[in-house]
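**Q** Quick one: this structure, given as C-alpha cells, is what I'll be asking you about.
Since every read-out is calculated from the coordinates, none of them should be taken as a lab result. The structure displayed is predicted, hence computed values, not measured ones. Here the Cβ positions follow ideal geometry from the backbone for every residue, glycine too, while neighbour counts run over all protein chains shown.
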2 protein chains.
Amino acid sequence: MKTLSILGSTGSIGKNTLEVISRHPDRFRVAALAVRDNIAALEEQIQKFRPDVVAVFDEAAAARLKLNNPPVEIVEGEQGMIDVATLDGVDTVVSAIVGSAGLVPTHEAIKSGKDIALATKEALVMAGGIIMSEASERGVSIIPVDSEHSAVFQCLDGRDMGEVEKIVLTASGGPFLNKSAEELEHVTPAEALNHPNWAMGNKISIDSATLMNKGLEVIEAFWLFNVPVEKIGVILHPQSIIHSMVRFIDGSVISQMSVPDMKGPISYALSYPDRIGNILPELDLAEIKQLTFEEPDTKKYPSLSLTYDALRAGGTMPCVLNGANEAAVEAFLDGSISFTGISRVVSGTMAAHKAGKGETIEEVIRASEWARKKAGSMIKGLTNNKKACIKA
Amino acid sequence: MKTLSILGSTGSIGKNTLEVISRHPDRFRVAALAVRDNIAALEEQIQKFRPDVVAVFDEAAAARLKLNNPPVEIVEGEQGMIDVATLDGVDTVVSAIVGSAGLVPTHEAIKSGKDIALATKEALVMAGGIIMSEASERGVSIIPVDSEHSAVFQCLDGRDMGEVEKIVLTASGGPFLNKSAEELEHVTPAEALNHPNWAMGNKISIDSATLMNKGLEVIEAFWLFNVPVEKIGVILHPQSIIHSMVRFIDGSVISQMSVPDMKGPISYALSYPDRIGNILPELDLAEIKQLTFEEPDTKKYPSLSLTYDALRAGGTMPCVLNGANEAAVEAFLDGSISFTGISRVVSGTMAAHKAGKGETIEEVIRASEWARKKAGSMIKGLTNNKKACIKA
C-alpha cells in the first residue's frame with residue numbers, strides 16, 4: 001500500500017490521479033489533498049477518498065470550507081501546502097500544482113524525503129539544479145508524470161545514459177499546426193485553448209499552442225535525465241500517439257505510445273516499477289491508420305528556440321523565461337496582448353536579464369518575480385501600442 | 001572479448017554479422033565459420049577474419065576449398081557444422097543457416113552450453129519446446145536476431161511477462177500489399193522476390209510475400225517469450241520502421257524502430273545487454289513523414305491463419321507446416337506451382353497430418369521429412385493439373 005499526498009487535486013492531473021487511485025484501492029491510499037480554492041470539488045474528494053488532511057491555499061476559501069465542518073483536518077496558505085507535502089507517513093507526493101506556485105511545496109517534499117510523482121514542470125524549469133541535487137542527496141525518486149517524460153522514462157527503463165544518443169520529445173503542434181506564422185498574429189484565446197488531442201488546463205493549453213510547453217519540457221528533460229542540451233530534440237507528431245522516444249547509439253529507437261490520456265503516465269508514476277491494469281483502453285493502430293511527423297518550424301514557434309537559449313545561458317535564465325511566459329500567457333488570455341506577443345514578451349524579458357547562478361530557492365523565486373514584473377511592464381507597453389493602433 | 005562461431009556466414013545474416021564484427025574488432029573474435037557451399041565468399045572471409053576452423057556442408061565444395069590450402073582447419077558435412085557449433089572456447093553461436101538444416105547444429109550448440117544469437121527461426125518453429133527447455137536447463141541465453149523478435153526483446157528489456165497484454169509483430173505486407181487476393185494467383189517468382197524494404201535471401205523473401213514468414217515469427221515469438229498464442233498479434237506496417245511492439249496491461253505500448261537494416265538486431269544480439277555504436281544511421285522520422293498501419297487480410301494471406309492453427313494443434317504440427325512450406329516455396333521458385341498454390345500445399349499437408357508430441361529432435365525431423373514428401377506429392381498433383389490446364 002502506497003500512501004499519497006496530492007498537491008493540486010482538483011486540477012486536471014489531480015482528478016486523473018484520483019481516478020487511477022479509485023481503480024486500485026488495494027494499492028494506494030490518499031493521506032492528503034491540497035488545492036488552491038476549488039472547495040466544491042475538494043469536498044467531493046474528501047467524501048470519496050477520506051484523507052487525513054487537506055490544504056487550501058486561499059485563506060478565504062479555507063474559511064468557507066471550515067464552516068461546512070468536513071471530516072478532515074484543514075490547513076491553509078503556503079504553510080498548509082507545505083504541511084501536506086511533508087506529511088508524516090506519506091510515501092509519494094503527487095506534485096501537480098500549475099505554475100511556479102508548485103515549486104516550494106515540491107522542494108519541501110523532497111527535503112522531507114518523499115518520492116515525487118512530478119507533473120509541476122516549473123519545479124525543474126525554475127530550479128532544476130537545486131531540485132535534482134536535493135533529490136539525489138536524499139535518495140528521493142522523481143518520477144515524471146508529463147506524458148513525454150513518462151515516455152522517455154519508460155523507454156530508458158534504467159538503461160545506461162551513456163548509450164543514449166538522443167531524447168526526442170514529440171509535440172502535437174497544438175491547435176495551430178496548420179496555420180502560418182502570419183496567421184498566428186490574429187488567433188483568439190478561445191482558438192488557442194482548443195487543443196486537438198489533450199484536455200488540459202488553460203495555461204498548459206496556451207503553452208501547447210506556442211510550443212512553449214515543449215520548450216519547458218526540454219528543460220525538464222535536461223534535468224530529469226541529465227543529458228546535454230544537444231541530446232534533446234523535438235519532433236512534431238500531430239496525433240499524440242507516440243509520446244516520446246529515445247535513440248540509442250546503435251541507431252535503435254525505443255518509443256512509448258498509448259491513447260492520449262494522462263491516466264497512463266500518472267498510473268506509471270504511481271505504480272513504478274510495476275505496471276497495473278485497468279488504466280487505458282487498447283491502442284488500435286490499424287484504426288488510427290497513420291502516424292505523421294515533421295520538423296518544428298522555429299520561426300513559427302519562436303518559444304522553442306527561446307527555451308534552448310535559456311538552457312544554454314543556464315542559471316536563473318530558464319526561470320526568467322518561465323516567469324515571463326506565465327505573465328505573457330495571462331495577458332494573452334485576458335486579451336491584453338496578441339498570441340505572437342507572448343514570445344516577444346518572453347524574449348524581451350530574457351534579453352533584459354543578466355542570469356544569476358540560481359543556487360537557492362530564494363534566488364530563483366526572486367528571479368521569477370523580477371521576470372513577471374519586467375514582463376508586466378513590457379505587456380503594458382504592448383497594450384498601449386495596441387490601443388494606440390486601434391485609435392489610429 | 002566475445003568469441004563467436006557463425007553458422008551460415010555467407011548468407012545475408014552471416015555477412016551482416018561479419019560487418020558488425022569488423023566495426024568492433026576489440027569486442028568480437030571469429031573462431032569459426034560454417035557455410036553450405038559458397039567457397040569463394042568463404043575464402044574472402046577466412047582472409048579477413050582468420051577463424052581457427054571452417055565447416056563446409058557440401059563435401060565436394062569442401063574438397064575444392066582444401067585444394068587452395070587456406071590457413072584454417074576445414075571440417076565438412078553435418079558433423080562439420082556440429083563441430084563449429086560446439087567448438088571449445090566459443091561463447092556465442094550465431095545461428096543463421098536458412099531452413100531446417102539449422103536445427104541440429106543449433107540444438108548441439110545449446111547442448112554444449114553456447115549462448116545463441118538466433119536467426120534460424122526454423123529451430124524454434126520445428127522444435128521450440130525441445131530447444132527452449134534445453135536452453136533453460138543449461139542456462140543458455142537465446143537472443144533473437146530476427147528484427148521483429150529483437151524489437152520485442154528490446155521492448156521487454158527484462159520486464160515481467162505478467163505485465164504483457166500483447167506482443168504485436170509488424171509485417172511489411174511484402175511486395176503484394178496492394179494486390180488483391182485474385183491478382184496473387186498470377187504473380188511470378190521475380191515479382192515475389194522483390195521485397196520493398198529488406199534485402200534478404202530467396203526463401204525468406206517468398207515467405208514475406210505470403211506472410212508465412214510472419215506466421216513462422218508468431219511461432220518463434222510463442223517459444224521465445226513464453227506467451228499464449230492469443231497474446232501474439234500481427235499488424236501490417238508497410239514502411240518497416242517499427243519492427244514490433246509490446247502492449248502492457250496499463251495500455252502503454254513500447255515499440256522499437258530503426259532504419260530497416262539487419263545490422264541493428266544483429267549488433268544487439270551480439271552486444272547484449274550493452275549497446276554499441278557505429279551500427280545504423282539515424283532514423284529521421286521527419287523525412288519518412290508517415291508510418292501507416294492496417295489489419296492483415298487473412299483471406300489474402302491464408303498462411304498467417306495456418307500458423308495460428310498449427311500452434312494451436314501443437315506438437316509436430318508447426319514442424320509439418322514449416323516442412324510443407326519449404327517444399328512449396330521451392331516449387332513456386334522453380335515454376336512448378338503458383339504463388340497461391342503455396343498455402344494450398346501447406347494447408348493440404350497439415351490436413352493430412354496427425355500431430356505427434358514432437359518431444360525429440362529425431363521425431364521432429366521425421367515429421368519434417370514426412371511433410372516435405374507429402375507436400376511433394378501434392379505439388380506433383382498441382383503441376384499435373386497445371387499441365388492438363390495448359391493442354392486443355
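**Q** Let me confirm one metric for peptide A:120-128, namely the mean number of other chain beta-carbon atoms within 10 Å of its residues' beta-carbons. Mind showing how you got there, number by number?
**A** On the way: counts 0, 0, 0, 0, 0, 0, 0, 0, 0.
If you average over the peptide's residues, the count of other-chain Cβ atoms is 0.
**Q** If you find the alpha carbon centre of region A:61-115 and of region B:4-56, how far apart are they in angstrom?
**A** 64 Å
**Q** Please compute the volume of the convex hull spanned by the alpha-carbon atoms of region A:260-328 and report it per residue in Å³.
**A** Given the Cα convex hull of region A:260-328, per-residue volume reads 185 Å³.
**Q** Karplus couplings for region A:166-182 from phi (6.51 cos²θ - 1.76 cosθ + 1.60, θ = phi - 60°), rounded to Hz, Gly and Pro as x?
**A** Running phi through 6.51 cos²θ - 1.76 cosθ + 1.60 with θ = phi - 60° gives 7, 9, 10, 7, 8, 10, 5, x, x, x, 10, 3, 9, 8, 7, 4, 5 Hz.
**Q** Same structure, new question: Using a Förster distance of 25 Å, how high is the FRET efficiency between B:Asp58 and B:Asp334, based on the Cβ-Cβ distance and rounded to 0.05? Write out the running numbers ahead of the final one.
**A** Numbers: r = 20 Å, r/R0 = 0.79.
For B:Asp58 and B:Asp334, the calculated efficiency is 0.80.
**Q** Right, something else. If you put a point 7 Å past Cα along the Cβ direction, how far is that point for B:Glu134 from the same point in each other copy, in nm, smallest first?
**A** So the distances to the same position in the other copies read 5.9 nm.
**Q** Another one. Over the alpha carbons of region A:237-392, what is the largest minus smallest coordinate on each principal axis, giving the biggest first in Å?
**A** Its Cα atoms span 55, 43, 33 Å along the three principal axes.
**Q** To make sure I understand the rule: partners must be aspartates and glutamates, Cα under 16 Å from the Cα of B:Lys289, and not fewer than 8 residues away in the same chain. Which ones qualify?
**A** Straight-line reach from B:Lys289, under 16 Å: A:Glu294, A:Glu295, A:Asp297.
**Q** If you take the alpha carbon radius of gyration of region B:165-308 and divide it by 2.2 N^0.38 Å, what ratio comes out, to two decimals?
**A** So the Cα radius of gyration is 1.08 times the expected 2.2 N^0.38 Å.
**Q** Using only the Cα atoms, what convex hull volume per residue in Å³ does region A:2-144 have?
**A** Cα convex hull per residue, to the nearest whole number: 90 Å³.
**Q** Using only Cα atoms, locate the centre of region A:262-300 and the centre of region B:124-152, then give the distance between them in Å, rounded to an integer.
**A** Measuring centre to centre over Cα atoms gives 31 Å.
**Q** Can you flag which of B:Lys214/B:Lys374; B:Lys114/B:Lys373; A:Lys214/A:Lys374 are past 27 Å Cα-Cα?
**A** B:Lys114/B:Lys373
**Q** For chain B, give the share of DSSP beta bridges that are antiparallel, in percent and rounded to the nearest 5; count only bridges with both residues there.
**A** Close to 25 percent.
**Q** Next up: Give me a single rounded figure for B:239-246: the average over its residues of other chain Cβ atoms within 10 Å of their Cβ.
**A** Partner-chain Cβ atoms within 10 Å, mean over residues of B:239-246: 2.
**Q** Let me ask you something else. Under a point spin-label approximation (7 Å from Cα along Cα-to-Cβ), what is the A:Asn202-B:Arg344 distance to one decimal in nm?
**A** In this crude spin-label approximation the distance works out to 7.0 nm.
**Q** Something else about it: Run the reach check for B:Lys15 against aspartates and glutamates, Cα to Cα strictly under 17 Å, same-chain hits fewer than 8 apart removed. What comes back?
**A** Qualifying aspartates and glutamates at Cα under 17 Å: B:Asp37, B:Glu43, B:Glu44, B:Asp146, B:Asp261.
**Q** Between region A:153-193 and region A:341-379, what is the C-alpha centre distance in whole Å?
**A** Result: 23 Å between the Cα centres.
**Q** Could you tell me which of rounded, prolate or oblate describes region A:64-185, using a ≥ b ≥ c as the square roots of the eigenvalues of the alpha-carbon gyration tensor, with rounded for a/c under 1.5 and, failing that, prolate when a/b is larger than b/c and oblate otherwise?
**A** Oblate, because a/c is 1.5 or more while a/b does not exceed b/c.
**Q** If you count, for each residue, the other Cβ atoms within 10 Å and average over each peptide, how do B:226-237, A:64-75 line up from highest to lowest? Can you show the working numbers first?
**A** Working: B:226-237: 17.3, A:64-75: 14.0.
In decreasing order of mean packing, B:226-237, A:64-75 become B:226-237, A:64-75.
**Q** Can you list, shortest first and in nm, the gaps between the label point of A:Lys380 and those of its counterparts in the other copies, using a point 7 Å from Cα in the C-beta direction?
**A** Values, ascending and in nm: 10.0.
**Q** Multiply the residue gap between A:Ser377 and A:Glu19 by 0.36 nm, knock off their C-alpha separation, and tell me the result in nm, one decimal place. List each step's numbers first, then the result.
**A** Details: separation 358, 0.36 × 358 = 128.88 nm, distance 4.16 nm.
Extending this stretch completely gives an extra 124.7 nm.
**Q** Next up: Can you give me the pair-distance distribution of chain A, C-alpha pairs, 10 Å bins, whole percents?
**A** 5, 23, 33, 27, 11, 2, 0
**Q** Between copies, how far does the label point of B:Ile288 sit from its twins, in nm, shortest first, when each point is 7 Å from Cα along Cα→Cβ?
**A** 1.4
**Q** Tally the DSSP beta bridges in the protein assembly as shown and give the antiparallel ones as a percent, rounded to 5. Walk me through the numbers before you get to the answer.
**A** Details: 30 of 90 bridges.
Around 35 percent antiparallel, to the nearest 5.
**Q** Can you sort A:Glu326, B:Glu43 so the residue with the fewest Cβ neighbours within 10 Å comes first? Don't skip to the answer; put the middle values down first.
**A** Details: A:Glu326 22, B:Glu43 15.
Placing the least packed residue first, the sequence is B:Glu43, A:Glu326.
**Q** A further question on this structure: Counting other beta carbons within 10 Å of each Cβ, put A:Tyr272, A:Tyr301 in order, fewest first.
**A** The fewest-first ordering by Cβ neighbours comes to A:Tyr272, A:Tyr301.
**Q** With N denoting the number of residues in the protein assembly as shown, provide Rg(C-alpha) divided by 2.2 N^0.38 Å, to two decimal places.
**A** So the Cα radius of gyration is 1.11 times the expected 2.2 N^0.38 Å.
**Q** Quick query: amide H of B:Val75 versus all other amide H atoms, modeled in the peptide plane; which residues come in under 5 Å with a sequence gap of 5 or more or a different chain?
**A** So B:Val75 has HN proximity to B:Val54, B:Ala55, B:Val56.
**Q** Can you list the lysines whose alpha carbon is less than 23 Å from that of A:Lys380, not counting same-chain residues fewer than 8 positions off?
**A** Partners within reach: A:Lys203, A:Lys354, A:Lys391.
**Q** Which ordering of B:Ser141, A:Ser100, A:Ser22 is given by a fewest-first count of other beta-carbon atoms within 10 Å?
**A** Fewest to most other Cβ atoms nearby, the residues stand as A:Ser22, B:Ser141, A:Ser100.
**Q** Here's a follow-up. Could you work out the relative contact order of region A:295-392? I mean the mean sequence separation of Cα pairs under 8 Å and 6+ apart, divided by the number of residues, in percent.
**A** Rounded, it is 34 percent for region A:295-392.
**Q** Right, something else. Let me know the mean shielding of B:287-296 by other chains, meaning the per-residue number of their Cβ atoms within 10 Å of its Cβ.
**A** Average neighbour count from other chains, rounded to a whole number: 5.
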